[in-house]
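**Student:** Mind looking over this structure? Questions follow.
Readers should treat all values here as calculations from the given coordinates under stated rules, not as data from a laboratory. Worth saying up front: this structure is predicted, and the values here are computed from it rather than measured. Quick reminder, even Gly has a Cβ in these numbers, built from the backbone with ideal geometry, and neighbours come from all protein chains shown.
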């Protein structure tokens, strides 16, 4: 179980992994023995855009995150903000990260990404304009849909479903192994 809390945010007591009866049965969670605070560790909603560009012969925009060491390209993604709908959020993220204007969006699906404790809400986005990347992104490439390779995790399943709905058989590639996390 991954967690971000070691101490209770209410009273600063060290949290302990304790089982307790909840709806649906017994569940182990990080809990405070002093004030009974519980760290629920619920998944974070992340929005993802499969950006199709009609002005570029229907090519799909993929980008490389500036923090990534490899040469992997992926969908435009971002966190949903409080007070916005998923549709407003993905429109904002596309504008912030690529400078593109969203003309049309359609839900592709909702995908589990347990490795990052996230739920991916993926959209097919039709967009236009001049691509100007935010500092979060190092570079982009435009791909023909049939040339995109999918990984077997979160957004990869979204792309595979989108391709399949278009009559294109997905091509799969394995994700590189994650480097071991350092103990803190």
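**Student:** Please go through region 10-34 and pick out each residue that is over 25 Å from residue 115 (Cα atoms) and touching a residue at least 24 places away in the same chain (Cβ under 8 Å).
**Tutor:** 10, 11, 32, 34
**Student:** Hey, another quick one. Across region 50-70, what is the total count of residues that are under 15 Å from the mean Cα position of the chain (by Cα) and closer than 15 Å to residue 124 by Cα?
**Tutor:** So the answer is 3.
**Student:** Right, here's the next one. Hey, among 79, 113, 73, which residue is touching a residue at least 40 places away in the same chain (Cβ under 8 Å), under 15 Å from the mean Cα position of the chain (by Cα) and more than 20 Å from residue 131 (Cβ to Cβ)?
**Tutor:** On the way: 79 fails: touching a residue at least 40 places away in the same chain (Cβ under 8 Å); 73 fails: more than 20 Å from residue 131 (Cβ to Cβ).
None of the other options fit; the residue is 113.
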